[in-house]
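One structure below.
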Amino acid sequence: MRELVQAVAIAALWCSAALFGATPAGAGAADRVHVADDSDARAIEIAQSVVKRMGGWDAWDRTRILRWTFFGGRVHHWDRHTGDVRIEGRSGDGEYLWLMNVHSLEGRVWKDGEEITDADELKQALTRGHEVWVNDSYWMVMPYKLLDPGVTLKYGGEGKLEDGRAADILKLTFDEGVGYTPQNGYDVFVARDTGLVEQWAFYSDAADPEPRFTMPWENWQTFGEIMLSNGRGREMDWEIAVHDQLPQSVFKSNAAVSY
């Protein structure tokens, strides 16, 4: 499972400041379309309908702090309006705590309970934290990123979910230089009866004839004003929560979170 999780989703572009948090008030749905010019109009329309079904762009903008547990492991707190994150859990060779900002890549890092103070080691650890956040947050909020810069979105026709229901397939590829693994590709299945993303297929290379794996997006629930999927085909509660505000200590102190 660890290899699978680490292999996926780092192609997403997260370096545009406008997409980290709230978009200026009054921005319409058309203003959210940043995909490549050769993207399909039908694919864009379906992606917009998915966001509307999940609560809409305005509700997404108002959603400030997301909290979730990634596959029963790393615990995330993400302030979308400031870019501050707190990430706790195992990564590679140790147990980490990152208190950092994903805009500036500045912050503090603890490994196995000891703060990293060497400048070079800290820089590497912060980069690692950013990679972890990019991966884990894409698993959390991918449907809101279908229209990001650097994405080419094509309509792949009608397909079927694992349970046989009809779905529209959106095919995602990425421009060179986007994210950490722009060679990746995805088929995103939008169920026709619910209007929600209910399955995705991951390609290590978008040119591969077959996906590396296919997984469900299931157990859709409302959190605050938006809908999020709380299941990826495993018996794990992602412990999702939405907060309007939290104590600053969540993002600034290595003390155990209490709120």
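Selection of helices (runs of 4 or more DSSP H) fully inside segment 1-70 by the criterion of at least 1 residues being at pLDDT 95 or above and closer than 19 Å to Val102 by Cβ returns 57-62.
In segment 228-251, the qualifying residues are those that are in a strand (DSSP E or B) and surrounded by fewer than 17 Cβ atoms within 10 Å (Cβ to Cβ), and the one that is farthest from the chain's Cα centre (by Cα) is His243.
Comparison of Glu114, Glu131 shows that the only residue that is modelled with pLDDT of 95 or more and not aliphatic (A, V, I, L, M) is Glu114. Of all residues in segment 190-206, those satisfying the criterion of being of a type in the set (A, V, I, L, M) and in contact (Cβ under 8 Å) with a residue 24 or more places away in the chain are Val190, Ala191, Leu196, Val197, Ala206.
Hey, can you tell me all the residues within segment 177-211 that are closer than 25 Å to Gly129 by Cα, assigned to a loop (DSSP other than H, G, I, E, B) and in contact with a Ser or Thr (Cβ under 8 Å, 6 or more places away or on another chain)? Listed by number, the residues that qualify are Gln183, Asn184.
Condition check: in a loop (DSSP other than H, G, I, E, B), of a type in the set (A, V, I, L, M) and at pLDDT below 95. Does Ala255 satisfy that? No. Of the listed requirements (1) crowded, with 16+ Cβ neighbours inside 10 Å; (2) at pLDDT below 95; (3) assigned to a helix (DSSP H, G or I); (4) not hydrophobic (A, V, I, L, M, F, W, C), Asp148 misses just one: (3).
When you scan segment 115-144, how many residues do you find that are β-branched (Val, Ile, Thr), under 24 Å from the mean Cα position of the chain (by Cα) and either surrounded by 13 or more Cβ atoms within 10 Å (Cβ to Cβ) or closer than 26 Å to Ile226 by Cα (or both)?
Summing the residues that are β-branched (Val, Ile, Thr), under 24 Å from the mean Cα position of the chain (by Cα) and either surrounded by 13 or more Cβ atoms within 10 Å (Cβ to Cβ) or closer than 26 Å to Ile226 by Cα (or both) in segment 115-144 gives 3.
For segment 99-114, the candidate set comprises residues that are charged (D, E, K, R) and touching a helix residue (DSSP H, G or I) at 6+ places or on another chain (Cβ under 9 Å); within that set, the residue that is surrounded by the fewest Cβ atoms within 10 Å (Cβ to Cβ) is Glu106.
Cβ-Cβ contacts under 6 Å between residues 6 or more apart (or on different chains), taken from a first residue in segment 106-120 that is closer than 15 Å to Arg86 by Cα to a second residue that is of a type in the set (Phe, Trp, Tyr), are listed as Val109/Trp98; Lys111/Tyr96. Residues in segment 62-98 that are among the charged types (D, E, K, R) and surrounded by 18 or more Cβ atoms within 10 Å (Cβ to Cβ) were compared, and the one that is nearest to Met140 (Cα to Cα) is Arg67. In the set (1) crowded, with 21+ Cβ neighbours inside 10 Å; (2) in a loop (DSSP other than H, G, I, E, B), the condition left unmet by Leu170 is number (2). When segment 55-104 is filtered for residues that are touching a Phe, Trp or Tyr at 6+ places or on another chain (Cβ under 8 Å), among the hydrophobic types (A, V, I, L, M, F, W, C) and under 14 Å from Gly224 (Cβ atoms), the ones remaining, listed by number, are Trp60, Ile65, Leu66, Trp68, Trp78. Can you spot a residue in segment 122-130 that is farther than 14 Å from Trp200 by Cα and either in a strand (DSSP E or B) or acidic (Asp, Glu) (or both)? Scanning segment 122-130 turns up no residue that is farther than 14 Å from Trp200 by Cα and either in a strand (DSSP E or B) or acidic (Asp, Glu) (or both).
The values are calculated or read from the model by the stated rules, or taken from the named source; none is laboratory data. It should be emphasised that the depicted structure is a prediction, and the values quoted were computed from it without experimental measurement. Glycine gets a Cβ as well: all are built from the backbone with ideal geometry, and neighbour counts include every protein chain shown.
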